[in-house]
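The values are calculated or read from the model by the stated rules, or taken from the named source; none is laboratory data. On a predicted model such as this, the values are computed, not experimentally measured, just so you know. Virtual Cβ from ideal backbone geometry, glycine too; neighbours counted across all protein chains shown. Accessible surface areas use protein heavy atoms only, side chains included; no ligands, DNA or RNA. Shrake-Rupley method; radii C 1.70, N 1.55, O 1.52, S 1.80 Å.
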Amino acid sequence: MRNIDPEPVLARLAEKKLRHDSEIRRFQKVERWRDRLLSDPTGAVPDLIQEYPRADRAALMRLLHKAERERQEQRSPAGARELFAFLRELLG
């Protein structure tokens, strides 16, 4: 092992870390949008549509209403999870 050049291994590890860090930032961005949409849909929906014009507004509103209904009824947050999946695909 002492005769093996560590540079290729170190380069691969660095590349993997960069990809991982990028995925973490993307995940956090999706979480921030979801949280913002759930806490202030009136202000956040127009901002999201402006930033991502290809977003399906009707689907977004359905998911927001579903998540709010589940929150009020203290049910499992399936709507919030669906909203997260919708945003993850949109923000791709």
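Step through the residues of region 55-68 one at a time and calculate ³J(HN,Hα) from phi using the Karplus curve (6.51 cos²θ - 1.76 cosθ + 1.60, θ = phi - 60°), rounding each to whole Hz and writing x for Gly and Pro.
So the Karplus estimates, Gly and Pro as x, are 5, 7, 4, 5, 5, 4, 5, 4, 5, 5, 5, 4, 5, 5 Hz.
Order ARG25, ARG57 by their accessible area, 1.4 angstrom probe, all chains in place, largest first.
Descending accessible area places them as ARG25, ARG57.
Where the only charges are on Cβ atoms (+1 Lys, Arg; -1 Asp, Glu), what is the dipole of the chain about its Cα centre, to the nearest 20 debye?
Dipole about the Cα centre, nearest 20: 160 debye.
Okay, helix-only estimate at 222 nm for the chain: each DSSP H run of n ≥ 4 adds -39500 (n - 2.57), divide by all residues, round to 500 deg cm²/dmol; what do you get?
-27500 deg cm²/dmol
What is the packing order of peptides 2-8, 68-74, taking the mean over residues of other C-beta atoms within 10 Å and listing the highest first?
68-74, 2-8
Working with all protein chains in place, sort LEU90, LEU10 by solvent-accessible area computed with a 1.4 Å probe, largest first.
Descending accessible area places them as LEU10, LEU90.
Compute the separation of the alpha-carbon centres of region 38-62 and region 66-80 and state it in Å as a whole number.
Cα centres, region 38-62 to region 66-80: 18 Å.
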